[in-house]
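The block underneath contains the structure these notes are about, expressed in structure tokens.
The values are calculated or read from the model by the stated rules, or taken from the named source; none is laboratory data. These numbers were taken from a predicted model, which means no experiment stands behind them. Virtual Cβ from ideal backbone geometry, glycine too; neighbours counted across all protein chains shown.
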Amino acid sequence: MADHSLNGKVALIAGGAKNLGGLIARDLAKHGVKAVAIHYNSAATRADAEATVAAVKAAGAHAVALQADLTSAGAMAKLFEDAVAAVGRPDIAINTVGKVLKKPFVDISEAEYDEMTAVNSKSAFFFLQQAGRHLNDNGKVCTLVTSLLGAFTPYYAAYAGTKAPVEHYTRAASKEFGQRGISVTAIGPGPMDTPFFYPAEGADAVEYHKGAAALSPFSKTGLTDIEDVVPFVRFLVSEGWWITGQTLLINGGYTTK
């Protein structure tokens with residue numbers, strides 16, 4: 001029978017340097033993972049990646065930081081190859097990479113659309129592909145998407161639109177990888193209190209989101225606390241092994257599956 005605990009497992013986290021990804025890395029280390037490969041995008045986040053590596057090591061796990069721009073298939077393949085060389089074949093692969101654009105549909109340029117597609121959709125496709133090639137049997141794959149996949153909100157056509165294909169990729173991968181015992185899932189959080197959220201929003205929109213959910217008064221800022229998302233991820237890559245091909249939407253006070 002497969003071991004679905006975290007003890008002794010190896011994890012790869014794309015976008016694992018800071019914010020939610022960094023917190024997930026720390027959490028997995030505290031719950032028994034033996035090694036974590038932490039991906040970061042560029043020199044701008046190197047210091048954050050190194051801080052997360054130090055925190056993971058302090059929790060008793062091995063850790064390495066790996067830099068890559070994941071908007072090409074070749075770079076994604078190299079990330080997985082480098083992770084295998086550094087910490088061994090992963091049992092867990094988590095993709096938190098994403099980019100937000102809030103802009104009227106009629107004003108989005110071709111260059112902006114291409115960038116959003118590369119970051120949100122293309123990278124997710126090839127992340128799942130490489131996970132299917134490199135994960136150990138009975139592994140777990142989880143991708144971060146957005147709760148906007150279950151909402152109808154203006155100005156997020158390029159963001160939600162380029163995250164939407166990941167739901168299909170998740171279902172397709174779950175069907176193909178399931179014969180090896182690999183679970184494939186996605187999580188769509190609502191607006192989270194991280195630096196990822198604020199640059200895309202005006203002051204009025206920020207205030208709206210801080211009070212939009214029924215449970216907004218019970219979070220630190222009214223937005224989703226990333227500390228509350230981490231246990232969902234941990235569950236899906238450990239005890240939730242029987243859930244696959246699903247997207248779990250978390251939007252500041254309600255969850256749907």
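Computed quantities for the displayed model
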| quantity | calculated |
| --- | --- |
| Within region 1-96, strands (runs of 3 or more DSSP E) holding 2 or more residues that are within 15 Å of ASN136 (Cβ to Cβ) | 10-14, 35-40, 92-95 |
| Close pairs from region 110-121: first under 11 Å from THR71 (Cβ atoms), partner surrounded by fewer than 16 Cβ atoms within 10 Å (Cβ to Cβ) and charged (D, E, K, R), Cβ under 7 Å, at least 6 apart | none |
| Set THR153, THR143, THR170: member being within 30 Å of HIS62 (Cα to Cα) and free of Cβ contacts under 8 Å to residues at least 60 places away in the same chain | THR143 |
| Residues within region 71-92 that are crowded, with 18+ Cβ neighbours inside 10 Å and touching a Phe, Trp or Tyr at 6+ places or on another chain (Cβ under 7 Å), tallied | 1 |
| Single residue of region 97-125 satisfying the filter (part of a loop (DSSP other than H, G, I, E, B) and among the charged types (D, E, K, R)) that is farthest from GLY245 (Cα to Cα) | LYS103 |
| Some residue of region 171-178 being surrounded by 15 or more Cβ atoms within 10 Å (Cβ to Cβ), in contact with an Asp or Glu (Cβ under 9 Å, 6 or more places away or on another chain) and part of a helix (DSSP H, G or I) | no |
| Any hit, region 183-203, residues being among the charged types (D, E, K, R), surrounded by fewer than 23 Cβ atoms within 10 Å (Cβ to Cβ) and modelled with pLDDT of 95 or more | no |
| Failed item in (1) modelled with pLDDT of 80 or more; (2) in a helix (DSSP H, G or I); (3) closer than 26 Å to THR117 by Cα; (4) touching an Asp or Glu at 6+ places or on another chain (Cβ under 9 Å), with HIS209 passing the rest | (1) |
| Tally, over region 126-161, of residues that are crowded, with 18+ Cβ neighbours inside 10 Å, part of a helix (DSSP H, G or I) and of a type in the set (A, V, I, L, M, F, W, C) | 8 |
| Close pairs (9 angstrom Cβ cut-off, 6 or more residues apart or separate chains): touching a residue at least 40 places away in the same chain (Cβ under 8 Å) in region 96-108, among the basic types (Lys, Arg) anywhere | GLY98/LYS163 |
| Odd one out for ALA65 among (1) in contact (Cβ under 8 Å) with a residue 24 or more places away in the chain; (2) surrounded by fewer than 16 Cβ atoms within 10 Å (Cβ to Cβ); (3) at negative phi; (4) in contact with a strand residue (DSSP E or B) (Cβ under 9 Å, 6 or more places away or on another chain) | (2) |
| Members of region 121-162 found to be among the hydroxyl-bearing types (Ser, Thr, Tyr) and closer than 21 Å to VAL33 by Cβ, listed by number | THR143 |
